[in-house]
Amino acid sequence: MTRPLPAATTLARPVRPSRLCLAVAQVCIVLGMPTAAGDAQASGGATASVASAQTAIRAGERLSDWLLRNPPGAGDDPAALAWQVPSARQAQAELKQALLAQLWSARDLQADETTRQRLADWLRSLPVTGRVPLAIVDARWLQANPDQDPILAPGHALVLPQRPGTVTLLADDGRPCAVAHRPGTQARGYLQACIGEAASEADMAWIVQPDGRVQRFGIATWNAEPQSEPAPGAWIWAPRRSTAWPEDFSDRLATFLATQSPTPIAARAAPTQTTTPIAARAAPTQTGTLASAPVGATQVATPPSDPVVARPGVYTANDWGFVGLLQTPTARMSPAGELRFHLSRVEPYTRGSVVAQPFDWLEAGFRYTSVSNRLYGPEIAGSQSYKDKSIDFKLRLAQETAHTPALA
């Protein structure tokens, strides 16, 4: 579906097989997903349905002006507005080439050649868009904050996609899986919908929201943390620990996916046959990967009806003010940048401390202690209780994993 065209608009003859240009209003309706050269191709070879509208800009106008001239229509997703800048394409093209090169150079990666080739083919089908993230897509807020209101220049493009009803999971075997969006469902719920119980093998999830934000969260039992829900149109990459995908590859992949449109896979790489729920056609195998399907074909799944909400571990301070319990320290650390003041009383000790976490691997603090059943010295301070001062450091030596504890 597309946004309705003005009644007086006339269509010019197609200048390319995948694009119709409106000569009067200078509006281009892009069919499918444009490639780096601007052509639209479905990765499966079939022409996809129209999923976004690209409206001409006026050179020198600000984004807020464009937004006021082009209010979103029914079904549009303003939060996913894509600002495409030609000067950003070079860096994104280099990022794409780095991903493809790392696919074959990673030594510890537990992925066979077929999986690597499948993911490489899928990455090659994605365009270099030049998309630049936008902080907030609100015309009035941008007018009140002109430093956040970019000036549009010739060659820039603004693409307003329609809001899809799915979240797309890219499985670690290179197969995309489109899952119906369900409010309240977190990343692990969508992962379970696609690979079943094998989702328990995933420790981290990279979520690419439709507005281009990249978020990384722990989703396993041992490292679960509060996380944002994937919005409709979001991408999820959550490789299983047994596949040993390098973290820097996952970071790069998520960054590149943030340059893509949130358009659902069904509109860009749709197979010719009608898709059915994954449970009816592609049950997970013993290794947890999706059952055999053509490269680029869409897998459709349904998230669980009772999603599990991740609850993070609670970090408490011990009697000395450091992360721990009672008088027992722990190798875990509080988030970097935290500063806390601590006061405790355990007869006969009264302790006051200031503890800082400047880095995620270092916890440091100063402690002052009063011992009420011992005098400081009658000759020095009369009946004043004994005082003691100390400086403490805790250094992380090894990170906590799914199988080993942290060491500090």
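Things worth noting here:
- Of all residues in region 138-154, those satisfying the criterion of being part of a loop (DSSP other than H, G, I, E, B) and either more than 25 Å from the chain's Cα centre (by Cα) or among the β-branched types (V, I, T) (or both) are N145, L152, A153, P154.
- Counting the residues of region 202-215 that are over 30 Å from P78 (Cβ atoms) and in a loop (DSSP other than H, G, I, E, B) gives 1.
- Test: residue in region 163-177 that is more than 17 Å from A234 (Cβ to Cβ) and not charged (D, E, K, R): yes
- A187 satisfies every condition listed in (1) touching an Asp or Glu at 6+ places or on another chain (Cβ under 8 Å); (2) without any contact (Cβ under 8 Å) to a residue 60 or more places away in the chain except (1).
- Residue check for Q162: surrounded by 16 or more Cβ atoms within 10 Å (Cβ to Cβ) and polar (S, T, N, Q): yes
- The set of residues in region 393-408 being surrounded by fewer than 11 Cβ atoms within 10 Å (Cβ to Cβ) and not in a loop (DSSP other than H, G, I, E, B) consists of F393 alone.
- Consider region 78-114 and keep the residues that are exposed (fewer than 11 other Cβ atoms within 10 Å of the Cβ) and in a loop (DSSP other than H, G, I, E, B). The one that is modelled with the highest pLDDT is D112.
- Some residue of region 364-383 being under 34 Å from the mean Cα position of the chain (by Cα) and without any contact (Cβ under 8 Å) to a residue 40 or more places away in the chain: yes
- Any hit, region 207-225, residues being over 14 Å from the mean Cα position of the chain (by Cα), assigned by TED's automatic domain parsing to the domain that holds L257 and buried (at least 24 other Cβ atoms within 10 Å of the Cβ): no
- Residue count for region 216-246 under the criterion of being in a loop (DSSP other than H, G, I, E, B) and in contact (Cβ under 8 Å) with a residue 24 or more places away in the chain: the result is 19.
- Yes/no for A144 being aliphatic (A, V, I, L, M), in the same structural domain as P232 (by TED's automatic domain parsing), farther than 16 Å from P246 by Cβ and without any contact (Cβ under 8 Å) to a residue 24 or more places away in the chain: yes
The values are calculated or read from the model by the stated rules, or taken from the named source; none is laboratory data. Just so it is clear, the model here is predicted, and its values are computed rather than measured. Glycine gets a Cβ as well: all are built from the backbone with ideal geometry, and neighbour counts include every protein chain shown.
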